[in-house]
1. Restricted to segment 17-60, and to residues that are among the small types (Gly, Ala, Ser) and surrounded by fewer than 18 Cβ atoms within 10 Å (Cβ to Cβ), which residue is farthest from Arg100 (Cα to Cα)?
2. Given the residues Ala97, Ala102, which is the only one that is crowded, with 16+ Cβ neighbours inside 10 Å and either in a helix (DSSP H, G or I) or modelled with pLDDT of 95 or more (or both)?
3. Among the listed residues Ala54, Ala64, Ala87, Ala81, which satisfies the condition of being at pLDDT below 95 and under 11 Å from the mean Cα position of the chain (by Cα)?
4. List pairs: first in segment 27-43 and outside any helix (DSSP H, G or I), second loosely packed, with under 13 Cβ neighbours inside 10 Å, Cβ under 9 Å, 6+ apart or cross-chain?
5. List pairs: first in segment 61-76 and assigned to a loop (DSSP other than H, G, I, E, B), second surrounded by fewer than 19 Cβ atoms within 10 Å (Cβ to Cβ), Cβ under 7 Å, 6+ apart or cross-chain?
Amino acid sequence: MTTLASVSTTPTVALRPATETDLLAVRRLAALDSAVVPSGPLLLAVVDGQARAAISLTTDAVIADPFTPTAAVVELLVLRAARLRRATGAHGRVRRARDRIALRRRQLREPAPG
């Protein structure tokens, strides 16, 4: 018997490098976001088994599913990408990352035109 107390509503979030097997999911995200697939290696955010956002570790370009709430996972991606760059000796672009997070949050709050 399943009770309300035993049902979890907390999403499972995984941040991981995108692989060749993720190519279709990444292309889908880019199409949904009306963007091109970012160049370079990608870090992918998977929420409950579904790809929801990705960030280029080279250019910091972000693509995300505009039809689901993604601001939090995009923020996680930006922070993780910055940390990975620091760990590998690459220069982090923290200020630009924060600006992109703020812009993305504003975009997500604005109603869709129409």
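The values are calculated or read from the model by the stated rules, or taken from the named source; none is laboratory data. Since the model is a prediction, treat every value here as computed from it, not as a measurement. Neighbour counts run over all protein chains shown; Cβ positions are idealised from the backbone, glycine included.
1. Step one: filter segment 17-60 for residues among the small types (Gly, Ala, Ser), giving 18, 25, 30-31, 34-35, 39-40, 45, 49, 51, 53-54, 56.
After this cut, where a residue has to be surrounded by fewer than 18 Cβ atoms within 10 Å (Cβ to Cβ) as well, the list is 25, 30-31, 34-35, 39-40, 49.
On the way: Ala25: 22, Ala30: 17, Ala31: 20, Ser34: 17, Ala35: 15, Ser39: 17, Gly40: 18, Gly49: 25 Å.
Checked segment 17-60; the qualifying residue farthest from Arg100 (Cα to Cα) is Gly49.
2. Details: Ala102 fails: crowded, with 16+ Cβ neighbours inside 10 Å.
Only one candidate passes the filter, namely Ala97.
3. Values: Ala54 fails: at pLDDT below 95; Ala64 fails: at pLDDT below 95; Ala87 fails: under 11 Å from the mean Cα position of the chain (by Cα).
Result: Ala81 is the single residue among Ala54, Ala64, Ala87, Ala81 that is at pLDDT below 95 and under 11 Å from the mean Cα position of the chain (by Cα).
4. Val37/Leu23; Pro38/Thr59; Ser39/Thr59; Gly40/Thr59; Pro41/Pro17; Leu42/Pro17; Leu43/Arg16; Leu43/Pro17
5. Between residues of segment 61-76 that are assigned to a loop (DSSP other than H, G, I, E, B) and residues that are surrounded by fewer than 19 Cβ atoms within 10 Å (Cβ to Cβ), the close pairs are Asp65/Leu32; Pro66/Leu32; Pro66/Asp33; Phe67/Leu32.
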